[in-house]
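Report on one structure; see the data block that follows.
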Amino acid sequence: PSHTQPCHLQEPPFFPDSLLHNNLHPHQAAATALHILQHLFRTLSTNSSRQHWPTQARNDLLNKLQHHIHHLEQCLPDNAAPFKGPRNQLLTINKYFRDIHLFLQAHNHSACAWDHV
């Protein structure tokens, strides 16, 4: 998104370090990536994001996200248990995206807030 005024907002949530420095089994990594892509797709699919993104670019991005989501869903076995361990990655991802939604809502989903995210 583009905005015309300088942005002076508090910092948006940072991606959780626990997901960056983790040696995951390939199925766990794929399931984690799938969950992140699903959240991104839901976030960018909302009506509140539509006004701040060029339509064609947004549609292209959503189509590519959907393609990768479908591919990852096909790769994961039905019985995969991707979120085991001392720190539940599913909860970490959910909290991260909840914080993004709260940040966007607090700033009325402005182009400035989208730029920060």
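The values are calculated or read from the model by the stated rules, or taken from the named source; none is laboratory data. These figures come from a predicted structure and were not determined experimentally. Positions of Cβ are backbone-derived with ideal geometry, glycine not excepted, and every protein chain shown enters the neighbour counts. Remember, those area values only see protein heavy atoms, side chains included, never the ligands or the DNA or RNA. Shrake-Rupley method; radii C 1.70, N 1.55, O 1.52, S 1.80 Å.
Can you tell me how many residues in segment 30-62 are polar (S, T, N, Q) and either at positive phi or within 15 Å of the chain's Cα centre (by Cα) (or both)?
Here is the first cut: in segment 30-62, the residues polar (S, T, N, Q) are 32, 38, 43, 45-49, 51, 55-56, 59.
From the residues that got through so far, the ones that are either at positive phi or within 15 Å of the chain's Cα centre (by Cα) (or both) too are 32, 38, 43, 45-46, 49.
Counting residues in segment 30-62 that are polar (S, T, N, Q) and either at positive phi or within 15 Å of the chain's Cα centre (by Cα) (or both) gives 6.
If only one of GLU11, GLU73 is modelled with pLDDT under 80 and over 15 Å from the mean Cα position of the chain (by Cα), which one is it?
Details: GLU73 fails: modelled with pLDDT under 80.
Selected residue: GLU11, the only one of GLU11, GLU73 that is modelled with pLDDT under 80 and over 15 Å from the mean Cα position of the chain (by Cα).
Identify, please: which residue in segment 96-117 is open to solvent by 60 Å² or more (accessible area, probe 1.4 Å) and in contact (Cβ under 8 Å) with a residue 40 or more places away in the chain and is, among those, nearest to THR43 (Cα to Cα)? Can you show your working first?
Kept after step one, since they are open to solvent by 60 Å² or more (accessible area, probe 1.4 Å), are these residues of segment 96-117: 98, 101-102, 105-106, 108, 115, 117.
Filter again for in contact (Cβ under 8 Å) with a residue 40 or more places away in the chain, leaving 101, 115, 117.
Values: HIS101: 8, ASP115: 14, VAL117: 11 Å.
Among those that are open to solvent by 60 Å² or more (accessible area, probe 1.4 Å) and in contact (Cβ under 8 Å) with a residue 40 or more places away in the chain, it is HIS101.
Would you pick out the residues in segment 30-44 that are β-branched (Val, Ile, Thr) and in contact with a Leu (Cβ under 7 Å, 6 or more places away or on another chain)?
So in segment 30-44, the residues β-branched (Val, Ile, Thr) come out as 32, 36, 43.
Of everything in segment 30-44, just one residue is β-branched (Val, Ile, Thr) and in contact with a Leu (Cβ under 7 Å, 6 or more places away or on another chain), namely THR32.
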